[in-house]
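K.L.:
Mind having a look at this structure? Questions to follow.
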Amino acid sequence: MGAIIVRKTNPSDADAVWSVIQDGIATVGSLGISQWQHGYPNRAVVERDIERGVSYVAEDAETSEKLGTLAVTFDAEDDYASPTEHWLTPDPKPGEEPVYAVVHRNAVAHAAIGRGVMRALFAAAEKAARDAGRASVRVDTHPRNTNQRGMLEHLGYAFCGQHEYTPKAGEPDIIRVGYEKLL
């Protein structure tokens, strides 16, 4: 196994990235969590992330095997404007650019769990945020996703509270917990 490299996702990576997302869907489902179990994310979302240039892929430097993925966006996240969360940076006023970047749709291939893939992906997300002049990175997850929450805390992300998520594809469980890291 080679070193892990993280780069922007190319259109030719779409099948492999979708496969990684499917592994993530299965992993979340195996934990008894409803998040991602109702048709979101889907292949169209993966392709849209790639087209927008916000998708990143982690791959094995020797084999080019795709190990993980995430998206980094720079738009204001409406779900984060919640009075029950206490973010480390201010929410933007209408028409303002946010001072934060947001990580979405992060997943690791089953075969790569435990290799430090997510750590490498988050390091790349933080670099992209710094390069874009952002002061922090925000991310949210399901409250019962203890693996994700533990990883975020290990990487220095602070718990900022919970919010109601705008459900996608009829997802019944809409509570998410937010984390943020100052850069």
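The values are calculated or read from the model by the stated rules, or taken from the named source; none is laboratory data. All figures in this text were calculated on a predicted structure; none of them were measured in a lab. With ideal geometry, Cβ positions are generated from the backbone for all residues, glycine too; neighbour counts draw on all protein chains shown.
K.L.:
For the subset of the stretch 20-33 comprising residues that are touching a residue at least 24 places away in the same chain (Cβ under 8 Å) and surrounded by fewer than 16 Cβ atoms within 10 Å (Cβ to Cβ), which member is farthest from ALA109 (Cα to Cα)?
P.N.:
Out of the qualifying residues, it is GLY32.
K.L.:
Among the residues of the stretch 34-47 satisfying the criterion of being in contact with a helix residue (DSSP H, G or I) (Cβ under 8 Å, 6 or more places away or on another chain) and surrounded by 14 or more Cβ atoms within 10 Å (Cβ to Cβ), which is nearest to TYR165 (Cα to Cα)?
P.N.:
Selected residue: GLN35.
K.L.:
Let me ask something else. Could you run through the stretch 1-19 and say how many residues are under 14 Å from the mean Cα position of the chain (by Cα) and without any contact (Cβ under 8 Å) to a residue 12 or more places away in the chain?
P.N.:
Total meeting the criteria: 0.
K.L.:
If we scan the stretch 9-18, do we find a residue that is closer than 23 Å to TYR165 by Cα, part of a helix (DSSP H, G or I), among the aliphatic types (A, V, I, L, M) and at pLDDT 95 or above?
P.N.:
No, there is no match, as no residue in the stretch 9-18 is closer than 23 Å to TYR165 by Cα, part of a helix (DSSP H, G or I), among the aliphatic types (A, V, I, L, M) and at pLDDT 95 or above.
K.L.:
If the Cβ limit is 8 Å and pairs must be 6+ apart or interchain, which residue in the stretch 151-164 that is under 12 Å from LEU182 (Cβ atoms) pairs with which residue that is in a loop (DSSP other than H, G, I, E, B)?
P.N.:
These pairs meet every condition: ALA158/LEU88; CYS160/HIS86; CYS160/TRP87; CYS160/LEU88.
K.L.:
State all residues of the stretch 82-110 that are modelled with pLDDT under 95 and of a type in the set (Gly, Ala, Ser); if no residue qualifies, say none.
P.N.:
SER82, GLY95
K.L.:
Of all residues in the stretch 105-138, how many are under 13 Å from the mean Cα position of the chain (by Cα), closer than 20 Å to TRP18 by Cα and of a type in the set (Gly, Ala, Ser)?
P.N.:
Total meeting the criteria: 4.
K.L.:
Hey, can you tell me all the residues within the stretch 6-19 that are out of contact with any helix residue (DSSP H, G or I) (no Cβ under 8 Å at 6 or more places or on another chain), of a type outside the set (D, E, K, R) and surrounded by 13 or more Cβ atoms within 10 Å (Cβ to Cβ)?
P.N.:
Hits for the stretch 6-19 are ALA16, SER19.
K.L.:
Related question: Report whether or not PRO167 is touching an Asp or Glu at 6+ places or on another chain (Cβ under 9 Å), free of Cβ contacts under 8 Å to residues at least 12 places away in the same chain, exposed (fewer than 15 other Cβ atoms within 10 Å of the Cβ) and not in a strand (DSSP E or B).
P.N.:
Yes.
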